[in-house]
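The values are calculated or read from the model by the stated rules, or taken from the named source; none is laboratory data. This one's a predicted model, so the numbers in the text were calculated from it and none came from an experiment. When we count neighbours, we look across all protein chains shown, and the Cβ atoms used for this are built from the backbone with ideal geometry, even at glycine.
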Amino acid sequence: MSQVARRALTEPLLAVLAGALCTARITMVGLPGAVVLSVVAEVAADLVADRPQPVDGDPVQVSWLAQGTTIWAEALWSQPP
């Protein structure tokens, strides 16, 4: 995995962890050819509104769901074919 891919995989979730108001739950799954990271945390309302957006060409897919100030974020890296 390249440095660009590692950063794209971790930075959105680190933003959620840094903004956590109390506890957070982190999950990591490693599969042959793929890595999935996710985090659930209660965060300030401004982080829910200003969550990082993916950049074109990122080697990682990031998904977000929010309910009130609880946010779930998942980052998926897949090895290119």
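Select from segment 1-17 the residues that are among the β-branched types (Val, Ile, Thr) and either in contact with a Pro (Cβ under 6 Å, 6 or more places away or on another chain) or surrounded by 13 or more Cβ atoms within 10 Å (Cβ to Cβ) (or both) and list them in ascending order.
Result: THR10, VAL16.
Can you pull out every residue in segment 1-24 that is farther than 9 Å from VAL43 by Cα, more than 13 Å from the chain's Cα centre (by Cα) and in a strand (DSSP E or B)?
Passing the criteria: only THR23.
Right, ARG25: modelled with pLDDT of 90 or more and among the basic types (Lys, Arg) or not?
Yes, satisfied.
I'd like the full set of residues that are under 10 Å from the mean Cα position of the chain (by Cα) and closer than 13 Å to TRP77 by Cα, limited to segment 25-45.
VAL36, LEU37, SER38, listed by residue number.
With surrounded by 12 or more Cβ atoms within 10 Å (Cβ to Cβ) and either closer than 17 Å to GLU11 by Cα or modelled with pLDDT under 90 (or both) as the only criterion, which of VAL62, VAL55 stands out?
The conditions single out VAL62.
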